[in-house]
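Notes follow the structure.
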Amino acid sequence: MRKQIVAGNWKMNNDLSQTEALITALKAQIKTTNAEVMVAPTATNLWQAYNSLKNSEIEVIAQNMHFAENGAYTGEISANMLKSVGVQTVILGHSERRAYFNETDDMLAKKVDAALANNMRVIFCFGEELADRKSGNEENIVENQIKNALFHLEASAFKNIVLAYEPVWAIGTGETASPEQAQDMHAFIRKIIANTYGNEVANNLSILYGGSCKPTNAKEIFSKPDVDGGLIGGAALNADDFFAIVNAF
Ligand code: 13P
């Protein structure tokens with residue numbers, strides 16, 4: 001059985017005291033669910049968040065990392081540094097990283113390798129832009145993003161990979177992919193994984209949906225057979241909304 005996961009990507013929001021306040025609100029609502037629950041605070045607050053949540057059911061994860069172990073990369077953070085503050089899972093390839101920080105498929109392949117070499121788990125994001133969908137090119141774009149960054153891996157590596165389909169046109173826009181659009185793309189993704197790595201790898205792989213996921217639409221999206229959870233932006237900044245989404249399972 002593949003895992004159901006709901007992860008909150010807080011992006012560049014919340015200073016230290018706001019992070020503490022949100023964690024306090026989350027802790028007040030935690031109850032055992034079927035889903036794995038994760039939150040990704042900004043890097044400066046990871047250590048604090050990890051300590052506040054380490055005995056809870058919420059895992060603290062990172063939003064990004066560099067591929068090098070250490071060295072002259074001013075401003076960057078390595079896998080080992082994340083692990084040293086208790087982080088075991090990292091989001092890689094978010095469309096905001098690709099668009100604003102010029103992260104390429106090649107760079108992401110190196111980041112994925114570095115995370116896996118450090119025994120970390122990766123939530124690997126990808127998704128088409130509006131123009132790609134309008135021109136009917138969304139499957140091609142998604143297939144290339146996945147192949148270019150992941151298909152050099154051995155099948156066994158996929159036990160530490162979670163995929164997150166985040167159509168760029170749905171991120172922060174209030175416009176959500178319909179449950180059918182999400183299902184169609186997730187089924188397509190599972191098929192291309194199965195074609196290269198076999199059914200067992202494909203069937204055990206969690207594929208999350210991200211893009212304006214809210215309490216009002218989560219249940220319907222998560223009810224689709226190939227949608228195994230969500231990567232939540234804006235709605236994850238409010239504890240009530242976030243847990244309403246978690247409880248949609
Ligand atoms: P929103 O939920 O704010 O659309 O963001 C989705 C996202 O980018 C999660 O990584």
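The values are calculated or read from the model by the stated rules, or taken from the named source; none is laboratory data. As the structure is a prediction and not an experimental result, all values here were calculated from the model. Here the Cβ positions follow ideal geometry from the backbone for every residue, glycine too, while neighbour counts run over all protein chains shown.
Observations on the model:
- When the residues of region 195-225 are filtered to those that are assigned to a loop (DSSP other than H, G, I, E, B) and not hydrophobic (A, V, I, L, M, F, W, C), the one that is farthest from the ligand (Cβ to nearest atom) is Gly198.
- For region 226-237, a residue qualifies if it is in a helix (DSSP H, G or I) and either closer than 19 Å to Ile207 by Cβ or under 13 Å from the mean Cα position of the chain (by Cα) (or both), and exactly one does: Ala236.
- Extreme residue, nearest to Lys27 (Cα to Cα), among residues of region 226-237 that are within 13 Å of the ligand (Cβ to nearest atom) and not small (Gly, Ala, Ser): Leu237
- Positions within region 139-181 being at pLDDT below 95, outside any helix (DSSP H, G or I) and not polar (S, T, N, Q), in sequence order: Ile171, Gly172, Gly174, Glu175, Ala177
- Set Gly198, Gly172, Gly136: member being free of Cβ contacts under 8 Å to residues at least 12 places away in the same chain and small (Gly, Ala, Ser): Gly136
- Condition broken by Asp240, with the remaining ones in (1) more than 18 Å from the chain's Cα centre (by Cα); (2) modelled with pLDDT of 95 or more; (3) within 16 Å of the ligand (Cβ to nearest atom); (4) on the phi > 0 side of the Ramachandran plot satisfied: (4)
- Tallying residues that are more than 16 Å from the ligand (Cβ to nearest atom), of a type in the set (S, T, N, Q) and exposed (fewer than 14 other Cβ atoms within 10 Å of the Cβ) within region 145-173 yields 1.
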